[in-house]
1. I'd like to know if region B:323-338 contains one or more residues that are more than 30 Å from the chain's Cα centre (by Cα) and in a strand (DSSP E or B).
2. Under the condition of being among the polar types (S, T, N, Q) and assigned to a helix (DSSP H, G or I), which residue from region A:185-206 is surrounded by the fewest Cβ atoms within 10 Å (Cβ to Cβ)?
3. May I ask you to list the residues in region A:144-168 that are within 13 Å of chain B (Cβ to nearest Cβ), open to solvent by less than 30 Å² (accessible area, probe 1.4 Å) and more than 16 Å from A:T116 (Cβ to Cβ)?
4. Going by what's in this entry, would B:L52 be described as outside any helix (DSSP H, G or I), within 14 Å of chain A (Cβ to nearest Cβ) and not β-branched (V, I, T)?
5. Select from region B:140-179 the residues that are open to solvent by less than 10 Å² (accessible area, probe 1.4 Å), under 26 Å from B:M1 (Cβ atoms) and in a loop (DSSP other than H, G, I, E, B) and write down the one among them that is modelled with the highest pLDDT.
6. For region B:203-237, name all the residues that are part of a loop (DSSP other than H, G, I, E, B) and among the small types (G, A, S).
7. State all residues of region B:344-363 that are buried (at least 19 other Cβ atoms within 10 Å of the Cβ) and at pLDDT 90 or above; if no residue qualifies, say none.
8. Please find, within region B:126-139, the residue that is nearest to B:L177 (Cα to Cα) out of those that are in a helix (DSSP H, G or I), within 12 Å of chain A (Cβ to nearest Cβ) and of a type outside the set (K, R).
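The values are calculated or read from the model by the stated rules, or taken from the named source; none is laboratory data. Given the structure is predicted, the values throughout are model-derived calculations rather than measurements. A quick note on method: Cβ atoms are made from the backbone with ideal geometry, for glycine too, and the neighbour counts reach across all protein chains shown. We work out accessible area using only protein heavy atoms, side chains counted, and drop any ligands, DNA or RNA first. Shrake-Rupley method; radii C 1.70, N 1.55, O 1.52, S 1.80 Å.
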Amino acid sequence: MALVWDGLRQALGLLAGGDADVFGITLRSLEISGAATCLSLLLGIPLGVALALGRFPGRGLAISLVNTGMGLPPVVVGLFVSILLWRSGPFGFLEWIYTPIAMVLAQLAIAAPIVTGLTLAAIQQIPDRFRLQMRGLGASRGQLLWVLLREARLPMLAAAMAGFGGVISEVGASLMVGGNIRGQTRVLTTATVLAASKGNFDVAIALSVLLLAIMFLVNAALTWIQQRRAP
Amino acid sequence: MTVVSLTDVTVRYAGALVLEIPALELEDGQILAVIGPNGSGKSTLLRVLGLLEAPAAGAVRVRGAAVPAGRRLEARRRMATVFQEALLADTTVQENVALGLRFRGVPAAVRRPRVARWLDHFGIRELADRPARTLSGGEAQRVALARALVLEPEVLLLDEPFSALDPPSRDTLLADLGRILRRERVSTVLVTHERTEARALADRVAVLIRGRIVQLDTPERLFQAPVSNEVARFVGVETIADGRVLSVSAGLTLVDVGGQKIQVAAEAAAGERVRVCLRPEDVTLSPGDVGAGVSSARNRLVGSVTRVVAAGPEARVVVDCGFPLVALVTRRSVEELGLVEGARVTAAFKATAPHLIRLDGTA
């Protein structure tokens, strides 16, 4: 029990003292996972909309693949991205392995199916009759899409939250493709794993508290936007 | 002038014919009701008229001009459609009413007063800032109608707009809408399975059965003179019996139906086969065998009650007088006159009440 209390006390000291190392790791986590989430929204929203509204051969298979992708184990993603970016691999010439770019790509592979799947579900829950009504009021294709996205904005924000939550808290892929290099690819989760394995529970707890705080703040901000009355 | 018309339109779903309309026209300022049972193709007809669904064959013309594929949106923006459900967007009432104007790029300065005016017309101005999802069914449907009419459409298309409402909201909205449509002279197509709505609003009524228009008439003509059994049943005629004309004199046709002689104020030829249609509300019942007394009802048929079916404050009484005849009476009358199964009664109705369908093809 003393281990926990000591750890907590030292963690608070680290956080209060504004440890430069901890600060750098936190910032890097936000940058990498933020970039991966933004890219997953750019990719996942159009894909989700296309799957929800489109009618084309192979659509059923594509939806099944997306649904499977929503539960991809990060280590599996890490393994495949590692193989692709490995020095002797097909994209080895890019020299991205053990760089933040590799981490963004791996996290994108984890978040994109989540965003796509949740967008698909959000658009599909709007009844066909609503689409017909909007066309009956003179909506063009673009205007119809705009109205649909606006109608689905709450579940879409949930998609963004789920995507960000999924990638900032994963460790397997980041460790494998980033290498946990101090000052370069070390993020909150990989740093926590390292600190705990070395018995530095104070640092591990401090990093965990920060991770929880970030997730709380991001979710609180998005929830606030969700709950705000539409103009 | 014709606002919108259909020519030789057919619609097929999975090869099956669901709509076949050789010709249908809507004149300026006219309210056309399309009535028919569920699944008769009414909503399909409305979607075709509203350019929301392309027919398998045939043409939809707006102001006499066919609409090419590339100009459907433009033509659709001259119309507005309202469905059974209000289908409001998740925003405020006034933003909902402004939606179609936004689609058309109407600037805010023009949009606002127009929206306010139509909120007023439907008596919902105080709801302007309310989130649409918090409205009652009746309020939501008012918003949906205001959202369509604010567009000042050349054609208003209404698909069962009252059927999801409770009777009091339905009746007041029906009255308000009727007033507005007449005042603004909005050319309207109303699809409904409620004949009372058609009767209340329409200038002309089309009866659609299995995808085909079987009768197109003024409401008066349609409800008094249905052309077939199906139409008769649908417009509320419950007694339908075949007979043969015995004689015709002084505008009165004497018809033999199941051994009973019925006088009908209608044209027919002696010996001709006819079908007599009678609405239940036109029949009065008296207990026992009442002889020809002092009354203008020229028909008095004696029979026995075979069935009494109560529905709300009224009851349908089926009397066997050589053929089954249905009368609509109050439940109080059922009790006071002792109308139970087996009771002998006299059914009376005027010669002007029945309508004749001539079966020998001369009608």
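1. Quick first cut of region B:323-338, residues more than 30 Å from the chain's Cα centre (by Cα) only: B:335-338.
Right, trim to in a strand (DSSP E or B) and you get none.
No.
2. Keep residues of region A:185-206 that are among the polar types (S, T, N, Q), which gives A:185, A:189-190, A:192, A:197, A:200.
Applying the additional criterion that residues be assigned to a helix (DSSP H, G or I) yields A:189-190, A:192, A:197.
Working: A:T189: 25, A:T190: 24, A:T192: 21, A:S197: 9.
The residue in question is A:S197.
3. A:L144, A:V147, A:E151
4. In short, yes.
5. Within region B:140-179, the match that is modelled with the highest pLDDT is B:V150.
6. Start the filter on region B:203-237 by keeping residues that are part of a loop (DSSP other than H, G, I, E, B), which leaves B:203, B:210-211, B:218, B:225-228, B:235-237.
B:G211, B:A225, B:S228, B:G236, listed by residue number.
7. Listed by number, the residues that qualify are B:V345, B:T346, B:A347, B:A348, B:F349, B:A353, B:P354.
8. Step one: filter region B:126-139 for residues in a helix (DSSP H, G or I), giving B:126-127, B:132-134, B:137-139.
Checking which are within 12 Å of chain A (Cβ to nearest Cβ) leaves us with B:132-134.
Still in the list and also of a type outside the set (K, R): B:132, B:134.
Working: B:A132: 20, B:T134: 22 Å.
Here the residue is B:A132.
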